[in-house]
Amino acid sequence: MVGLVILMRYSRVNSPNSKPNSKQNSSNDDDLQSSLYISSTAVFTMELLKFFICTLVLFHSTNYSFPHLFQIFKNSLIDSPYEVLKLSVPSLLYALQNNLLYCALTNLDAASYQVIYQLKILTTALFSVTMLHKKLTVRKWFSLILLSFGVILAQTSTSQDSHVASIPTDLAKKNRLVGTLCVVMAACTSGFSGVYFEKILKGSPKVSLWIRNIQMGLPSVLLSLLSSLLKDYSPILRSGFFHGYTTTVWSVILVQAGGGLLVALVVKYADNVLKVFAASFSIVVNAVVSYVFFGFVPDGRFCVGTVAVCCSIVIYSGGGQKKRTILPLNRLEQGGKEEKENLIEDKDS
């Protein structure tokens, strides 16, 4: 979701007091960030909103029957504690991942973030080999090497946006390192949680997408709230839970919650060619938008790295998959093998 990445970056650098000048040093960085909203509260609010949306969808599917809705909650949550417990692991990892991505886009330009985050393809492949004992073809191994090469080029480039250019060089290097580490860690949590999710679903009963989101959503809401209180209790107590929330921040939360579910549904009904095109296209569009709105100036190394990453995505995804039927009539009502496999991508979207 290009729009989400751009909005998140904009929301993290657009505060009037968050733009240091060349005379300020790293000791002032905490003061400069004090006007920003608390990212952990945004993660909790997004998870709560997503849970509410899934509940509304289920409520609609019951013809607005509260007894039927309560029965669904009882069956999927109260009567299935083991399922909820198993799904708490990816829920915890996804909550951690969302917090890492906010940290990454606070310290790293959007274009670099989009390229480096494609490492989730590499981590997912590696965890699939080790945990699910899947075998990769020579073509896929080559694409993963090409992906790593492209990410290294992009990360070591001197490309930067206007916000990075406005701060001291030492602080800019530190921020880029922190941002890169956050993206890499987010890619690792994305890969592990996705593969773990696929593994536990193989022995689980078949349920609809929305019930599965409810089972994952409740632990996500609770864990996000706990994380927010443990990590930012003092700032929340001092400034308030919704401190620094602007129209842009609420837009980020709405897009991340509603847009993620919408994209997950659209991706399910798209064939492999369209998904590959969307992934590569998003990288290019992100760089262009970053150039227009953030003054991002890519150098030759970043451009070569971006091309390498896009090519690796095409090579890795090409062949070996059948085209799915577009918009099956009863897709949301039935579970199934495809749904289990594609749910891995839902949280990342």
All conditions in (1) under 29 Å from residue 299 (Cα atoms); (2) of a type outside the set (Lys, Arg); (3) in a helix (DSSP H, G or I); (4) in contact (Cβ under 8 Å) with a residue 12 or more places away in the chain are true of residue 167 except (3)
When region 204-214 is checked residue by residue, the ones that are open to solvent by less than 20 Å² (accessible area, probe 1.4 Å) and part of a helix (DSSP H, G or I) are 209, 212, 214
Every listed condition ((1) surrounded by fewer than 18 Cβ atoms within 10 Å (Cβ to Cβ); (2) modelled with pLDDT of 90 or more; (3) under 26 Å from residue 213 (Cβ atoms); (4) small (Gly, Ala, Ser)) holds for residue 234 save (3)
Checked region 169-203 for anything surrounded by fewer than 18 Cβ atoms within 10 Å (Cβ to Cβ), in contact with a helix residue (DSSP H, G or I) (Cβ under 9 Å, 6 or more places away or on another chain) and within 30 Å of residue 72 (Cβ to Cβ); matches are 199, 200, 202
With the first residue restricted to region 283-297 and required to be farther than 17 Å from residue 8 by Cβ and assigned to a helix (DSSP H, G or I), and the second required to be aromatic (Phe, Trp, Tyr) and open to solvent by 40 Å² or more (accessible area, probe 1.4 Å), Cβ contacts under 9 Å at 6 or more apart or on different chains are none
Looking at region 195-213, can you tell me whether even one residue there is among the hydroxyl-bearing types (Ser, Thr, Tyr), more than 23 Å from residue 5 (Cα to Cα) and under 18 Å from the mean Cα position of the chain (by Cα)?
yes
When restricted to 102, 82, the only residue in a helix (DSSP H, G or I), within 13 Å of the chain's Cα centre (by Cα) and among the aromatic types (Phe, Trp, Tyr) is 102
Scanning region 128-161 for residues that are in a helix (DSSP H, G or I), of a type in the set (S, T, N, Q) and in contact with a helix residue (DSSP H, G or I) (Cβ under 6 Å, 6 or more places away or on another chain) gives 128, 143, 155
In region 97-115, anything open to solvent by less than 20 Å² (accessible area, probe 1.4 Å), among the polar types (S, T, N, Q) and more than 15 Å from residue 290 (Cα to Cα) is listed as 97, 98
Checked 36, 87, 56 against criteria (in a helix (DSSP H, G or I), of a type outside the set (S, T, N, Q) and crowded, with 17+ Cβ neighbours inside 10 Å); the one match is 87
Residue pairs qualifying under the 7 Å Cβ cut-off, at least six apart or on distinct chains, with the first in region 212-229 being among the β-branched types (Val, Ile, Thr) and the second being open to solvent by 20 Å² or more (accessible area, probe 1.4 Å) and not in a helix (DSSP H, G or I), are none
Residue pairs within 6 Å by beta carbon, gap of at least six or interchain, first lying in region 51-71 and among the aromatic types (Phe, Trp, Tyr), second open to solvent by less than 100 Å² (accessible area, probe 1.4 Å), listed first then second, are 51/217; 51/221; 59/69
Matching residues in region 237-247 (touching a residue at least 40 places away in the same chain (Cβ under 8 Å) and open to solvent by 30 Å² or more (accessible area, probe 1.4 Å)) number 6
Among the residues of region 116-137, is there at least one that is open to solvent by less than 10 Å² (accessible area, probe 1.4 Å) and either touching a Leu at 6+ places or on another chain (Cβ under 7 Å) or basic (Lys, Arg) (or both)? yes
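The values are calculated or read from the model by the stated rules, or taken from the named source; none is laboratory data. Here the structure is a predicted model, which is why all the values come from computation and not from measurement. Note: ideal-geometry Cβ built from the backbone for every residue, glycine included; neighbour counts use all protein chains shown. To get the accessible areas, we keep the full protein, side chains included, count just its heavy atoms, and leave off ligands, DNA and RNA. Shrake-Rupley method; radii C 1.70, N 1.55, O 1.52, S 1.80 Å.
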